[in-house]
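Engineer: Dropping a structure here in structure tokens format, bear with me for questions.
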Amino acid sequence: MKIGVPKEIKNNENRVGMTPAGVFELTKRHHEVFVQQNAGLGSGFFDDDYKEVGATIMNTIEDVYDSAELIVKVKEPIEAEYALIKPQHVVFTYFHFASSETLTKAMLQSNAVCIAYETVEDKEGTLPLLTPMSEVAGRMAIQQGAKYLEKPIKGRGVLLGGVPGVPPGKVLVLGAGVVGIQAAKMAAGLGAHVTIMDINMKQLRYVNDVMPSHVVTEFSSEYNIRKRIKDHDLIIGGVLVKGAKAPKLITQDMLKEMRPGTVLVDVAVDQGGCIETTKATTHEAPTFIIDDVVHYCVANMPGAVPYTSTLALTNVTLPYVIRLANQGWELACKTDGMLAKGLNIVKGKIVYEEIAEAFSWSVSAM
Ligand SMILES: NC(=O)c1ccc[n+]([C@@H]2O[C@H](COP(=O)([O-])OP(=O)(O)OC[C@H]3O[C@@H](n4cnc5c(N)ncnc54)[C@H](O)[C@@H]3O)[C@@H](O)[C@H]2O)c1
């Protein structure tokens, strides 16, 4: 099969859909791979690295789309890319259709096949192509939170690990899923005192079993959250209710209960955020302050660490790319139920119920 890897053009997106290791696996199986010039540069991969394993380097994004049948990307296509996507294409990337009617209409019009990373689902109902990005964001949340706790950037001026003779900082993590556990682990590693909350007792039992004793679990309730926010320095929002907007666990009135310079990192911002005062921010301007409380609400946190994120993402996408290339999308989806869950749009028809529901449209039968 002919596979295209375009350079991402979304603002501040430095990840790339395939590494040289991925190209190696595909050319070994006699597929042709077309990589746009400098596509991997932001993630530390040079054109020569791709050439060495058999890729053809293309000068323009148009050349990539014109040459390929299967397009492997990272982010959803932005407007400038809509016209490049044609009926012969199968596009495998993050789409997040439910959050953009414009994108959905454009992809319906393209008559292409759109397979979304974020809806590929395993037998346990988890989302294996989302997990690595949550792992990155959870760990980054502590790195960013620790930075914004510094006084010159309006934080409380607390060193999370403390020093001998001075107690460590306190971190409250809301949600003990992928983001929450990774955040708790990082904070614990720095020596901070960590409280992690969830409504799922199975998750809390797991955390209690595997974490050191300075990570304390507590059932998530408004009462408990109100009690903890008063003396915690850094609060991480990592909750998710599948298919729904994040519940607002921290309301605006609670900000007044916090100490000035407390830092909130709302990782759940992409689902509307679990903090009432959350507004999505960017890597250029990541924070804002309300009632002396610092808010960090960047919606694409992994984009800031492309070296790590590209590898983490492509580790999990490559097996599916190989299947799509070897079998074609129809057979691959027929024989792999997990991949079939990723089918969102097929040649002008929506085949994923939640997307149609998001716009009150009807789903077309495949
Ligand atoms: N900002 C970013 O760059 C970025 C990157 C990756 C993921 N995310 C987002 O982070 C969020 C969390 O993702 P995840 O992979 O950890 O999800 P997950 O499903 O693994 O974990 C979510 C946890 O929230 C818990 N939860 C639900 N309601 C709760 C409540 N009322 N109180 C406490 N806990 C509650 C669930 O029981 C679950 O354990 C998602 O919205 C995801 O999209 C954002």
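Engineer: Residues of region 128-151 being in contact with a Gly (Cβ under 8 Å, 6 or more places away or on another chain), more than 8 Å from the ligand (Cβ to nearest atom) and within 15 Å of Ile181 (Cα to Cα), which ones?
Structural biologist: Scanning region 128-151 gives a single hit, Ala141.
Engineer: Right, next: Please specify each residue of region 80-124 satisfying the condition of being within 16 Å of the ligand (Cβ to nearest atom) and either among the hydroxyl-bearing types (Ser, Thr, Tyr) or touching a Lys or Arg at 6+ places or on another chain (Cβ under 8 Å) (or both).
Structural biologist: Those that are within 16 Å of the ligand (Cβ to nearest atom) and either among the hydroxyl-bearing types (Ser, Thr, Tyr) or touching a Lys or Arg at 6+ places or on another chain (Cβ under 8 Å) (or both): Thr93, Tyr94, Ser99, Ser100, Tyr117, Thr119, Val120, Glu121.
Engineer: Select from region 219-235 the residues that are near the ligand (Cβ under 10 Å from one of its atoms), surrounded by 14 or more Cβ atoms within 10 Å (Cβ to Cβ) and closer than 20 Å to Val178 by Cβ and list them in ascending order.
Structural biologist: Answer for region 219-235, where residues must be near the ligand (Cβ under 10 Å from one of its atoms), surrounded by 14 or more Cβ atoms within 10 Å (Cβ to Cβ) and closer than 20 Å to Val178 by Cβ: just Ser220.
Engineer: Looking at Leu249, is it modelled with pLDDT under 95 and not charged (D, E, K, R)?
Structural biologist: No.
Engineer: Something else now. Can you pull out every residue in region 16-35 that is small (Gly, Ala, Ser) and in a loop (DSSP other than H, G, I, E, B)?
Structural biologist: Result: Gly17, single match.
Engineer: While we're looking at this one, here's another question. Out of the residues in region 267-277 meeting the condition of being crowded, with 22+ Cβ neighbours inside 10 Å and over 15 Å from Met197 (Cβ atoms), tell me which one is nearest to the ligand (Cβ to nearest atom).
Structural biologist: Restricting attention to region 267-277, the residues satisfying the condition of being crowded, with 22+ Cβ neighbours inside 10 Å are 267-269, 273-275.
Subsequent filtering for residues that are over 15 Å from Met197 (Cβ atoms) retains 269, 273.
Details: Val269: 5, Gly273: 9 Å.
Applying the filter and picking the extreme gives Val269.
Engineer: Does Ala83 satisfy the criteria of being farther than 11 Å from Lys7 by Cα and either of a type outside the set (Phe, Trp, Tyr) or in contact (Cβ under 8 Å) with a residue 12 or more places away in the chain (or both)?
Structural biologist: yes
Engineer: Continuing with the same structure: With respect to Glu276, determine if the residue is farther than 23 Å from Lys10 by Cβ, in contact with a strand residue (DSSP E or B) (Cβ under 9 Å, 6 or more places away or on another chain) and acidic (Asp, Glu). Reasoning before the result, please.
Structural biologist: On the way: farther than 23 Å from Lys10 by Cβ: yes; in contact with a strand residue (DSSP E or B) (Cβ under 9 Å, 6 or more places away or on another chain): yes; acidic (Asp, Glu): yes.
Spelling it out, Glu276 is indeed farther than 23 Å from Lys10 by Cβ, in contact with a strand residue (DSSP E or B) (Cβ under 9 Å, 6 or more places away or on another chain) and acidic (Asp, Glu).
Engineer: Quick check on my filter: what residues within region 119-164 are acidic (Asp, Glu) and touching a residue at least 60 places away in the same chain (Cβ under 8 Å)?
Structural biologist: Hits for region 119-164 are Glu121, Asp122, Glu135.
Engineer: Residue by residue through region 314-366, note down the ones that are aromatic (Phe, Trp, Tyr) and free of Cβ contacts under 8 Å to residues at least 60 places away in the same chain.
Structural biologist: Within region 314-366, the subset aromatic (Phe, Trp, Tyr) is 320, 329, 352, 359, 361.
Result: Trp361, single match.
Engineer: Still on this structure, please answer the following. Are any residues in region 263-278 at pLDDT 95 or above and either on the phi > 0 side of the Ramachandran plot or out of contact with any Gly (no Cβ under 8 Å at 6 or more places or on another chain) (or both), and if so, which ones?
Structural biologist: Listed by number, the residues that qualify are Glu276, Thr277.
Engineer: Search region 296-307 for residues that are within 17 Å of Leu149 (Cβ to Cβ) and touching a residue at least 12 places away in the same chain (Cβ under 8 Å) and pair each with any residue that is part of a strand (DSSP E or B) and open to solvent by 10 Å² or more (accessible area, probe 1.4 Å) when their beta-carbon atoms are under 6 Å apart and the residues are at least 6 apart or on different chains.
Structural biologist: Tyr296/Thr287; Cys297/Thr281; Val298/Thr281
Engineer: Find the helices (runs of 4 or more DSSP H) located wholly in region 64-181 whose residues include 1 or more that are at positive phi and surrounded by 15 or more Cβ atoms within 10 Å (Cβ to Cβ), and list them.
Structural biologist: Values: elements: 79-82, 101-110, 131-148.
It comes to none.
Engineer: What number of residues in region 303-331 are modelled with pLDDT of 95 or more, open to solvent by less than 30 Å² (accessible area, probe 1.4 Å) and under 14 Å from the mean Cα position of the chain (by Cα)?
Structural biologist: Residues flagged as modelled with pLDDT of 95 or more, open to solvent by less than 30 Å² (accessible area, probe 1.4 Å) and under 14 Å from the mean Cα position of the chain (by Cα) within region 303-331 amount to 7.
Engineer: Anything in region 278-300 that is open to solvent by 10 Å² or more (accessible area, probe 1.4 Å), within 15 Å of the ligand (Cβ to nearest atom) and either within 22 Å of Ile181 (Cβ to Cβ) or of a type in the set (Val, Ile, Thr) (or both)? List them, or say none.
Structural biologist: Of everything in region 278-300, those that are open to solvent by 10 Å² or more (accessible area, probe 1.4 Å), within 15 Å of the ligand (Cβ to nearest atom) and either within 22 Å of Ile181 (Cβ to Cβ) or of a type in the set (Val, Ile, Thr) (or both) turn out to be Thr278, Thr281, Thr282, Thr287, Ala299, Asn300.
Engineer: Could you grab me the full set of residues in region 236-245 that are under 16 Å from Val178 (Cβ atoms) and part of a loop (DSSP other than H, G, I, E, B)?
Structural biologist: Answer for region 236-245, where residues must be under 16 Å from Val178 (Cβ atoms) and part of a loop (DSSP other than H, G, I, E, B): Gly238, Val239, Leu240, Val241, Lys242.
Engineer: Enumerate the pairs (first residue in region 190-211 and open to solvent by 60 Å² or more (accessible area, probe 1.4 Å) and among the basic types (Lys, Arg); second residue anywhere and within 14 Å of the ligand (Cβ to nearest atom) and at pLDDT 95 or above) with beta-carbon separation below 9 Å, excluding pairs fewer than 6 apart on the same chain, so at least 6 apart or on different chains.
Structural biologist: Qualifying pairs under 9 Å: Arg205/Thr217.
Engineer: Might you check whether a residue that is open to solvent by 80 Å² or more (accessible area, probe 1.4 Å), among the aliphatic types (A, V, I, L, M) and within 14 Å of the ligand (Cβ to nearest atom) occurs anywhere in region 247-263?
Structural biologist: no
Engineer: Then there is this: If I filter region 1-23 down to residues being aliphatic (A, V, I, L, M) and open to solvent by 10 Å² or more (accessible area, probe 1.4 Å), which single residue comes out as farthest from Ile61 (Cα to Cα)? Write out each step before concluding.
Structural biologist: Within region 1-23, the first condition is being aliphatic (A, V, I, L, M), and the residues that meet it are 1, 3, 5, 9, 16, 18, 21, 23.
So of that shortlist, the ones also open to solvent by 10 Å² or more (accessible area, probe 1.4 Å) come out as 1, 9, 21.
Details: Met1: 18, Ile9: 10, Ala21: 21 Å.
The selected residue is Ala21.
The values are calculated or read from the model by the stated rules, or taken from the named source; none is laboratory data. Note that the coordinates shown come from a computational prediction; the quantities given were computed from them, not determined experimentally. Because the Cβ atoms are built from the backbone with ideal geometry, glycine has one as well, and the counts that use them run over all protein chains shown. Note: accessible area is taken over every heavy atom of the protein model, side chains too, but ligands, DNA and RNA are not part of it. Shrake-Rupley method; radii C 1.70, N 1.55, O 1.52, S 1.80 Å.
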